[in-house]
Amino acid sequence: MDGIEERLASMGLTLPEAAAPLAAYVPFVRAGDLLHVSGQISRDGHGVIQGTLGDGVGVEQGAQAAQSCALHLLAQVRAACDGDWGRFVRIVKLTGFVASAPGFLDQPKVINGASELMIAILGEAGRHARSAVGVAALPLGAAVEIEGVFQLQ
């Protein structure tokens, strides 16, 4: 798929460098034409975007954190493709984890931040199956973590 970097630039976005793993795992594994990307936590230029949804962090802030996860996922895909976006076919599935206070029920709205951004960047190739799960805590106090499965040529 051509033009991904240009589309990002037109949106005022750039992909970060692919993050190194935080523990004993690899950032991605390719199995046939599927690329499984390890969970990417919410982070920006200041570090990890932390907090708990429904306890000081609102849905809009959570959606922005999910967008950061989406950009980090795409950075891993770019690394797996050695920078050749022509090898990218589509997103298959995203699984989003949202640090949630008891009673917080808007995990899908939070993960929409990533889903909508992927569609804006990738068009039809960005449409995907998805899960949005509330959890008590995420690594380094992150507000959101998202993992993904991508199809490559």
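The values are calculated or read from the model by the stated rules, or taken from the named source; none is laboratory data. Keep in mind that this is a model prediction, so the values were computed, not measured. Cβ atoms come from the backbone with ideal geometry, glycine included; neighbour counts cover every protein chain shown.
Taking the stretch 18-58, which residues are charged (D, E, K, R) and either more than 21 Å from Glu145 (Cβ to Cβ) or modelled with pLDDT of 95 or more (or both)? Step through it out loud before you land on a result.
So in the stretch 18-58, the residues charged (D, E, K, R) come out as 30, 33, 43-44, 55.
Matches in the stretch 18-58: Arg30, Asp33, Arg43, Asp55.
Name the residues in the stretch 37-70 that are closer than 21 Å to Ala136 by Cα, assigned to a strand (DSSP E or B) and not β-branched (Val, Ile, Thr), would you?
Ser38, Gly39, Gln40, Arg43, Gly47, Gln50, Leu53, Asp55, Gly56
Go through the stretch 1-16 and give me each residue that's surrounded by fewer than 10 Cβ atoms within 10 Å (Cβ to Cβ) and either in contact (Cβ under 8 Å) with a residue 24 or more places away in the chain or under 16 Å from Ala70 (Cβ atoms) (or both).
Within the stretch 1-16, Asp2, Gly12 qualify.
List the residue pairs whose Cβ atoms are under 9 Å apart, where the first residue sits in the stretch 97-126 and is in contact (Cβ under 8 Å) with a residue 60 or more places away in the chain, the second is outside any helix (DSSP H, G or I) and surrounded by 24 or more Cβ atoms within 10 Å (Cβ to Cβ), and the two are 6 or more positions apart or on different chains.
Matching pairs, first to second residue: Leu122/Ile91; Ala125/Ile91.
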